[in-house]
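What follows is calculated from the coordinates using simple rules that are stated; it is not laboratory data. Treat the numbers as computed from the prediction; the structure is a model and nothing was measured. Every residue, glycine as well, gets a Cβ built from its backbone with ideal geometry; the counts of neighbours run over all protein chains shown.
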Amino acid sequence: MKPTITFVAIGTAIVAFVLLFYVHKPRYCESDHPKHFSRVDEGISMFMENCNASEQQRHIQIQSDKGIEFAELLENAKPEDAEGLINLGLHYVHTLGTDEDIWKGIALFTKASELGNVRGQYRLVLCYLMVLMNYPKAFAILQELEERGDTWAQARLGWCYRCGWGVEQDDSKAVEWFKKAAEGEDIEAYAMLAMCYTYGIGVEKDYEEALKWHLKVREQAPDSVYANYSPRTMEELFEDIQLREHNSKQPTP
């Protein structure tokens with residue numbers, strides 16, 4: 001039986017990637033896609049038009065503690081309303097999280113993306129990268145977004161070059177994309193540049209430059225997860241380096 005993947009796990013993988021440049025290996029591939037979700041319209045019709053009372057009750061029960069009713073999400077998810085489709089998709093992926101529910105969410109993100117919704121495109125990119133392992137499709141969507149000056153896409157193009165996702169692996173090009181995204185004040189690009197300069201990934205090691213980017217993270221996004229891992233002084237930076245070097249030498253359980 002395949003393990004269920006949720007966006008919580010995806011978020012954890014993203015943070016691990018930012019901190020350690022670890023290439024997350026998803027467990028899905030597109031060949032796993034259930035036949036009854038092979039077309040977006042079939043997926044949408046299944047849970048927007050033919051959703052029976054027992055299915056609605058399942059969602060309502062799961063969400064009762066959070067005060068969110070599936071019936072309300074379903075009512076707001078009109079075929080032409082991208083935001084409603086995305087919110088319903090997030091409910092399937094985040095809250096329910098079974099294999100089948102994740103495919104429903106992916107179908108909804110796809111429809112929202114087809115409507116030109118940027119948020120839907122973001123979610124679809126993450127699905128292609130972390131769930132479907134279809135790196136060329138993710139890369140193509142990122143290129144489309146980048147052509148419109150999207151800094152989120154620029155930072156993730158840096159990921160793709162760093163990891164060889166849909167393109168030949170190239171650390172120097174990864175740094176170029178991180179720098180471009182940083183020009184647009186993308187916080188994750190700041191964090192990635194800090195790691196690049198700390199460990200000499202695509203650039204020469206430069207601890208002062210690394211600390212500069214860490215401090216930018218703390219200054220512009222003090223409540224972000226990246227700030228929690230950004231040292232404030234050169235002494236803290238060296239302590240982090242020593243700790244990670246120590247941990248990397250420990251045997252894998």
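By how many nm would the segment from Val118 to Ser172 grow when fully extended, if each residue of separation counts as 0.36 nm and the alpha-carbon distance is taken off? All intermediate terms of the calculation are to be shown ahead of the outcome.
Working: separation 54, 0.36 × 54 = 19.44 nm, distance 2.77 nm.
Extending this stretch completely gives an extra 16.7 nm.
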Over 21 Å (Cα to Cα) among Lys179/Lys212; Lys173/Lys249; Lys180/Lys212; Lys180/Lys205; Lys78/Lys111 -> Lys173/Lys249
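In nm, what is the difference between 0.36 nm times the number of residues separating Glu83 and Glu185 and their Cα-Cα distance? Could the numbers behind the result be given before it?
On the way: separation 102, 0.36 × 102 = 36.72 nm, distance 2.52 nm.
Gain on extension, Glu83 to Glu185, equals 34.2 nm.
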Neighbour-count ranking for Trp177, Trp213 (other C-beta within 10 angstrom, fewest to most) reads Trp213, Trp177
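Which order results if Asp150, Asp171 are arranged by neighbouring Cβ count within 10 Å, fewest first?
Lowest to highest Cβ neighbour count: Asp171, Asp150.
Only counting other Cβ atoms within 10 Å, I'd like Thr151, Thr233 sorted with the fewest neighbours first.
So the residues, fewest neighbours to most, are Thr233, Thr151.
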